[in-house]
Amino acid sequence: MNLEKEVPLRMKEGFVLIENSSAEGGPTSGSQGVGSFFLYRALIFLVGLVFLSGCGSEPSYRQAFNSSEQIQGNTESISSSEDRTWAASLRVLSQQGFMVRSADKANAIILADREMTDQNDKDISYQITSTVTFVPLGQGITQVSLAANQTTELHRKEYVWWHLLWLIPLFPIGSEYNSVVTQRGTVQNPEFYAGFFDNLKVLLKDKTANGIKK
């Protein structure tokens, strides 16, 4: 004889619970519903904390124009006319292996880039893009600014293998190169910019330099 009987529905903590009373008495499903409810609320609370922690940190690019983000040593006042400084800058870039992509004298801006291989690891290369701007200050003085970004790439040689039954590799039948970007950003090292200005000043002092008029 079935001694269980269904009791009326009742609301508890936002859930509708159905309790079955047995012959011994006492609910059998209400405690499970309450446990599931609290577990569900705990999961929502944890997800909310993760979301709020992600929203709390501001992206670093918002600080791009802060004084702390200024590049050190990338601007100098050169004791030379704008025309001579322009011609000498083009010469320095070419001598150092930079490819001049644009030389807009009307707007006083030069765009150039260069690809270099790491001296200690031939599998690492650097792509450098640079911008040179000129501002005449009068009295034969020109302000020159250089800004550069670099991208570091790792090159890997991978072999293509012949597989037995498409499962077991036996011997290589070819090779291919894959490149992975490992770092990208603005060049901050003052030594990089000092090298450009040192070469520029030496060239401007050289009276025998062709194409650079006084």
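Quick notes
- So Phe196, is it within 33 Å of the chain's Cα centre (by Cα), over 30 Å from Thr117 (Cβ atoms) and in the same structural domain as Ser81 (by TED's automatic domain parsing): no
- Residue match in segment 62-75 (condition: among the hydroxyl-bearing types (Ser, Thr, Tyr), under 26 Å from Gln139 (Cα atoms) and out of contact with any strand residue (DSSP E or B) (no Cβ under 6 Å at 6 or more places or on another chain)): no
- Thr152 under 30 Å from Ser77 (Cα atoms) and either surrounded by 13 or more Cβ atoms within 10 Å (Cβ to Cβ) or modelled with pLDDT under 85 (or both): no
- Listed by position, the strands (runs of 3 or more DSSP E) enclosed by segment 78-157 that each have at least 2 residues that are in contact (Cβ under 8 Å) with a residue 24 or more places away in the chain and farther than 19 Å from Phe192 by Cα are 124-138.
- Considering segment 64-77, and only residues there that are small (Gly, Ala, Ser) and without any contact (Cβ under 8 Å) to a residue 40 or more places away in the chain, the residue that is surrounded by the most Cβ atoms within 10 Å (Cβ to Cβ) turns out to be Ala64.
- Val180 vs. criteria in the same structural domain as Trp86 (by TED's automatic domain parsing) and at pLDDT below 90: yes
- Residue check, Ala87 modelled with pLDDT of 95 or more and either closer than 16 Å to Leu203 by Cα or among the β-branched types (Val, Ile, Thr) (or both): yes
- Residues located in segment 98-109, provided they are surrounded by 12 or more Cβ atoms within 10 Å (Cβ to Cβ) and over 24 Å from the mean Cα position of the chain (by Cα): Val100, Ala103, Lys105, Ala108, Ile109
- Residue check, Thr131 in the same structural domain as Ser77 (by TED's automatic domain parsing) and under 20 Å from Arg91 (Cα atoms): yes
The values are calculated or read from the model by the stated rules, or taken from the named source; none is laboratory data. These figures come from a predicted structure and were not determined experimentally. Methodologically, a virtual Cβ is constructed for each residue, glycine included, from the backbone with ideal geometry; neighbour enumeration extends over all protein chains shown.
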